[in-house]
Amino acid sequence: MNTQQQSPAELICKINLNFSIKADIPAGESVYITGNLPELGNWNPVGRKLDLRNDGTCSLEVPARKGSIIEYKITRGSWKTQGIYDTQIVPPDNIVIKASKNQEAHIDIIDWLDQRNIDSDPVIGRLIDSEIFPCHGLAHKRPIQIWLPDSYDESGKPCAVIYMHDGQNLFDPAQAFAGVDWKVDETVTRLVNNGEIRQCIVVGIPNSPERMKELNLYTPEGKAYAEFIVNEVKPWVEKNFNASQQPSDNALIGASMGGLISFQMLYAYDKSFSLAGCLSTSFQKTNGQIFNQFARNSFKPLEAKLYLDAGEFEPPIARAYFDMMKLLKENGFIEGHNLMGYYEEQATHCEARWAGRLPLALKFLLAEKII
């Protein structure tokens, strides 16, 4: 038996990225690559400038750990100027490489997002901006957005309410990260009209520059953010709109760190919420604390319903997803009853994938109640 361990150098493979910019570059502008590695700019749209040859080509070698995932995009310095590499994928999705060996990758940029005639994406229903809240304990004050469907009835049966984090990414691609929104208005409208979910309104809570701290209940900022939702946002919504106050009609939904705070708040504020949709949840960002706490916690599912998912091309999140699903079932959750898990093959960590999986979460959490 060969027990010799691989050296650090053997665990690294070289990915040679080759680009050909076939679309015209406006005078005075540059081309950048940005992605999920420091060498690629950590998703800053002005990531790493590409040194193009006279023929518009460029090569870039990126070291990557074997088994890791590389994701990237090409821009001219903003999310509105993303490079298009497939006429059928507009706005462009992340380009993904699974690093398994030394390899070459080729991509042709054939157009730019800001130079395409893209159909407008007007909001379906009615979107209302609130005044700025005090946001006690938070450094950044903010308003929220309330989305009402066309079928909203002020005097009818109280609506279920979905409180969603990262509110900038929900309704309008112009405001969303990387220019891709969750299409919440289109999705909820379709599901309500089809009778697949009950009548609901959506509350979009914007993030701030302190997002990583605010969307984690283990930090002071996270505690203040949760209290902001429970003590400021929720009472205001229930006072000003025909919103149900029943926990079984109140959901928290978010992705990545937004999934983490949704999960944490489900058991920390069970008298306010009993539904949570946690997409691509960053459980790993707690360094095991969330697993230890849940294993020791006296919280039982009771009336709670929980949706979890993950994508294949987000390895740390996928590993944590399977670990959490196992732990939840060991502690009383029953898959198909009050727990739903979904693992999407070849899915990256991005808004487009979350928009695609949102209907699964909504149909599980907000299925029309049988009276």
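Quick notes on this one:
- Ala352 closer than 25 Å to Ile70 by Cα, touching a residue at least 60 places away in the same chain (Cβ under 8 Å) and out of contact with any His (no Cβ under 6 Å at 6 or more places or on another chain): yes
- Any hit, segment 85-93, residues being assigned to a strand (DSSP E or B) and at pLDDT 90 or above: no
- Against the conditions (1) farther than 17 Å from Arg142 by Cβ; (2) modelled with pLDDT of 95 or more; (3) surrounded by 19 or more Cβ atoms within 10 Å (Cβ to Cβ); (4) touching a helix residue (DSSP H, G or I) at 6+ places or on another chain (Cβ under 7 Å), Val202 satisfies every one except (1).
- Given (1) within 24 Å of the chain's Cα centre (by Cα); (2) buried (at least 18 other Cβ atoms within 10 Å of the Cβ), index of the condition Cys159 fails: (1)
- Only a single criterion out of (1) under 18 Å from the mean Cα position of the chain (by Cα); (2) under 25 Å from Glu186 (Cα atoms) is not satisfied by Ser244, namely (1).
- The residues listed here are Ala105, Ala27; of these, the one that is modelled with pLDDT of 90 or more, out of contact with any Gly (no Cβ under 7 Å at 6 or more places or on another chain) and assigned to a loop (DSSP other than H, G, I, E, B) is Ala27.
- Long-range neighbours under 9 Å by Cβ, at least six apart or interchain, first residue part of a helix (DSSP H, G or I) within segment 68-80, second among the β-branched types (Val, Ile, Thr): Trp79/Val180
- Test: residue in segment 323-344 that is in contact with a Ser or Thr (Cβ under 6 Å, 6 or more places away or on another chain) and under 27 Å from Trp43 (Cβ atoms): no
- Identity of the residue in segment 177-186, buried (at least 20 other Cβ atoms within 10 Å of the Cβ) and not aromatic (Phe, Trp, Tyr), that ends up nearest to Tyr163 (Cα to Cα): Val184
- Filter pass, Lys363 being modelled with pLDDT of 95 or more, basic (Lys, Arg) and closer than 24 Å to Pro247 by Cβ: yes
- The residues listed here are Leu260, Leu266; of these, the one that is in contact with a Cys (Cβ under 9 Å, 6 or more places away or on another chain), in a helix (DSSP H, G or I) and under 14 Å from Met324 (Cα atoms) is Leu260.
- Residue in segment 48-63 that is closer than 18 Å to Ala176 by Cα and either among the hydroxyl-bearing types (Ser, Thr, Tyr) or not assigned by TED's automatic domain parsing to the domain that holds Val180 (or both) present: no
- When the test is whether a residue is acidic (Asp, Glu), loosely packed, with under 14 Cβ neighbours inside 10 Å and within 26 Å of the chain's Cα centre (by Cα), Asp86 passes it.
- Here Ile12 meets each of (1) in contact with a helix residue (DSSP H, G or I) (Cβ under 9 Å, 6 or more places away or on another chain); (2) under 22 Å from Pro315 (Cβ atoms) with one exception, condition (1).
- Of the helices (runs of 4 or more DSSP H) lying entirely inside segment 271-371, those containing at least 1 residues that are of a type outside the set (Gly, Ala, Ser), in the same structural domain as Thr187 (by TED's automatic domain parsing) and more than 21 Å from His165 (Cα to Cα) span 289-296, 315-330.
- Among the residues making up segment 67-80, those that are surrounded by fewer than 20 Cβ atoms within 10 Å (Cβ to Cβ) and under 20 Å from Asp24 (Cβ atoms) are Gly77, Ser78, Lys80.
- Selection status of Tyr225, within 22 Å of the chain's Cα centre (by Cα), more than 14 Å from Ile162 (Cα to Cα) and in a loop (DSSP other than H, G, I, E, B): no
- Condition check for Asn287: of a type outside the set (Gly, Ala, Ser) and closer than 15 Å to Met212 by Cβ: yes
The values are calculated or read from the model by the stated rules, or taken from the named source; none is laboratory data. Note that the structure is predicted; figures quoted are calculated from it, not measured. All Cβ positions, glycine included, derive from the backbone under ideal geometry; neighbour counts span all protein chains shown.
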